[in-house]
């Protein structure tokens, strides 16, 4: 993805003190992912806050001849989780290690591969009258090439003139989970901003995607917005996405759109699963093939039986069900035709997983399979059953090894525009078609309620 925001900041309140707070959900752990950067151009000098290609968190810079860096030994590689990352900068401190602090999910980071601190009273490019970018390195310059953040960023806050601790921006809820303070009690300073990414405009103004909601008016310009840049996936309610770590080809699939889109390899009959698995409850998601539907399959599998070295199609193994574009289904390596009708490119498929009764069913454009070769039921009536599974989840992939399939999934957090916007009975998610009674979107709030 090449979406990013940028702005040249004005005169700072105090360039020797600032705080950065961001909620991030990663989708690619093999590349550098820039959260925030500042400087004159990337050929010369740049200060940045990013993950490197191994998953380590870095806050560093080379500004006017002075090098400083914090780089964790810990690798942050969970693509199904939200991380709260905070940097506290105060170069007025007499003790060098007090000038730069890093926090993740409320915990101070102390185990660093590199810990080089700025000199006393040092002023970085952050909070200076230079370009600041969100979601990539600097736009000016030619080398290195532009590198974009892959995943989600929520509630990005920059504070000018005050070094706040992590507790100003987050706190533990009753379940012991670190969650955002929606309206933190802080002083932003002249250059401070709060980006909630809630609007859909394209300009650097109060109605833009990069609107500053702090009240300081430091709105960022939006660049290369996707069709559906906003998301219902937030640190308050985490929706399932596809998990590239559970790609059966281990690198043969290409994931994008923050792991809500996948292109299969075309050379192996494999599939990708969600980041969440379920032991109980009833769960609903939608998906569509935007290419290669004839080569595709959708269904469910048991994560506890997943053989990551086996190049088999969905339904070949125990506790798996795969339905293909002909309406046939495969279960335990046996293919049975005539259960459902056909589906094709851009049909919206509704997948229903009932972990309480060990069964699965499928709809096409709002009509459910009848078990006799058609999609003509308003509600689920025909089910395919599986042997009791331990950790069941949805799966999408290909059933042949001759052509690729392109699949977009919607667990309530759609990568494509939704015309109707149906939530589940708890009010979570946005789906094209009505969620069947008793079924719920795969998200953490529903998981907590139904014990999935």
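The values are calculated or read from the model by the stated rules, or taken from the named source; none is laboratory data. Note that the coordinates shown come from a computational prediction; the quantities given were computed from them, not determined experimentally. Positions of Cβ are generated from backbone atoms using ideal geometry, with glycine treated the same way; all protein chains shown enter the neighbour counts.
Scanning for something closer than 28 Å to residue 275 by Cβ, in the same structural domain as residue 289 (by TED's automatic domain parsing) and more than 32 Å from the chain's Cα centre (by Cα), does segment 340-349 turn up at least one residue?
Yes, because at least one residue in segment 340-349 is closer than 28 Å to residue 275 by Cβ, in the same structural domain as residue 289 (by TED's automatic domain parsing) and more than 32 Å from the chain's Cα centre (by Cα).
Taking residue 73 as meeting all but one of (1) modelled with pLDDT of 95 or more; (2) within 29 Å of residue 187 (Cβ to Cβ); (3) not in a loop (DSSP other than H, G, I, E, B), write down the number of the exception.
Tallying (1) modelled with pLDDT of 95 or more; (2) within 29 Å of residue 187 (Cβ to Cβ); (3) not in a loop (DSSP other than H, G, I, E, B), residue 73 fails exactly one: (2).
Got a number for residues in segment 204-223 being in a loop (DSSP other than H, G, I, E, B) and in contact with a strand residue (DSSP E or B) (Cβ under 7 Å, 6 or more places away or on another chain)?
Here the count works out to 10.
Is there a residue in segment 377-389 that is in contact (Cβ under 8 Å) with a residue 24 or more places away in the chain, buried (at least 19 other Cβ atoms within 10 Å of the Cβ), part of a loop (DSSP other than H, G, I, E, B) and out of contact with any helix residue (DSSP H, G or I) (no Cβ under 9 Å at 6 or more places or on another chain)?
yes
Got a sec? Which of 403, 417 is out of contact with any helix residue (DSSP H, G or I) (no Cβ under 9 Å at 6 or more places or on another chain), outside any helix (DSSP H, G or I) and in the same structural domain as residue 344 (by TED's automatic domain parsing)?
417
With surrounded by fewer than 21 Cβ atoms within 10 Å (Cβ to Cβ) and free of Cβ contacts under 8 Å to residues at least 40 places away in the same chain as the only criterion, which of 53, 80 stands out?
53
For segment 283-303, name all the residues that are at pLDDT below 95 and either under 21 Å from the mean Cα position of the chain (by Cα) or under 20 Å from residue 428 (Cβ atoms) (or both).
303 - this is the single residue of segment 283-303 that is at pLDDT below 95 and either under 21 Å from the mean Cα position of the chain (by Cα) or under 20 Å from residue 428 (Cβ atoms) (or both).
Residue 186: in the same structural domain as residue 82 (by TED's automatic domain parsing) and out of contact with any helix residue (DSSP H, G or I) (no Cβ under 7 Å at 6 or more places or on another chain), yes or no?
Criteria not met by residue 186.
Return the residues of segment 420-452 that are part of a loop (DSSP other than H, G, I, E, B), without any contact (Cβ under 8 Å) to a residue 40 or more places away in the chain and out of contact with any helix residue (DSSP H, G or I) (no Cβ under 7 Å at 6 or more places or on another chain); say none if nothing qualifies.
420, 421, 423, 425, 427 - these are the residues of segment 420-452 that are part of a loop (DSSP other than H, G, I, E, B), without any contact (Cβ under 8 Å) to a residue 40 or more places away in the chain and out of contact with any helix residue (DSSP H, G or I) (no Cβ under 7 Å at 6 or more places or on another chain).
Name the residues in segment 113-122 that are surrounded by 17 or more Cβ atoms within 10 Å (Cβ to Cβ) and either in contact (Cβ under 8 Å) with a residue 60 or more places away in the chain or not in a loop (DSSP other than H, G, I, E, B) (or both), would you?
115, 122
Please give the number of the condition residue 318 fails out of (1) in contact with a helix residue (DSSP H, G or I) (Cβ under 8 Å, 6 or more places away or on another chain); (2) free of Cβ contacts under 8 Å to residues at least 60 places away in the same chain; (3) surrounded by fewer than 20 Cβ atoms within 10 Å (Cβ to Cβ); (4) under 21 Å from residue 270 (Cβ atoms).
With respect to (1) in contact with a helix residue (DSSP H, G or I) (Cβ under 8 Å, 6 or more places away or on another chain); (2) free of Cβ contacts under 8 Å to residues at least 60 places away in the same chain; (3) surrounded by fewer than 20 Cβ atoms within 10 Å (Cβ to Cβ); (4) under 21 Å from residue 270 (Cβ atoms), residue 318 is out only on (2).
Looking only at residues that are at pLDDT 95 or above and buried (at least 22 other Cβ atoms within 10 Å of the Cβ) in segment 142-162, which one is nearest to the chain's Cα centre (by Cα)?
156
Go through segment 127-141 and give me each residue that's crowded, with 24+ Cβ neighbours inside 10 Å and farther than 21 Å from residue 56 by Cα.
Across segment 127-141, the qualifying residues are 127, 132.
So residue 342 clears everything in (1) surrounded by fewer than 21 Cβ atoms within 10 Å (Cβ to Cβ); (2) part of a strand (DSSP E or B) except one condition, right? Which one?
Here residue 342 meets the rest and fails (2).
Condition check ((1) modelled with pLDDT of 95 or more; (2) within 18 Å of residue 411 (Cα to Cα)) across all residues:
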site	(1), (2)
352	yes, yes
362	yes, yes
366	yes, yes
373	yes, no
384	yes, no
388	no, no
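Which one of these is in contact (Cβ under 8 Å) with a residue 24 or more places away in the chain, assigned by TED's automatic domain parsing to the domain that holds residue 135 and on the phi < 0 side of the Ramachandran plot: 192, 203?
After ruling out the rest, the residue left standing is 192.
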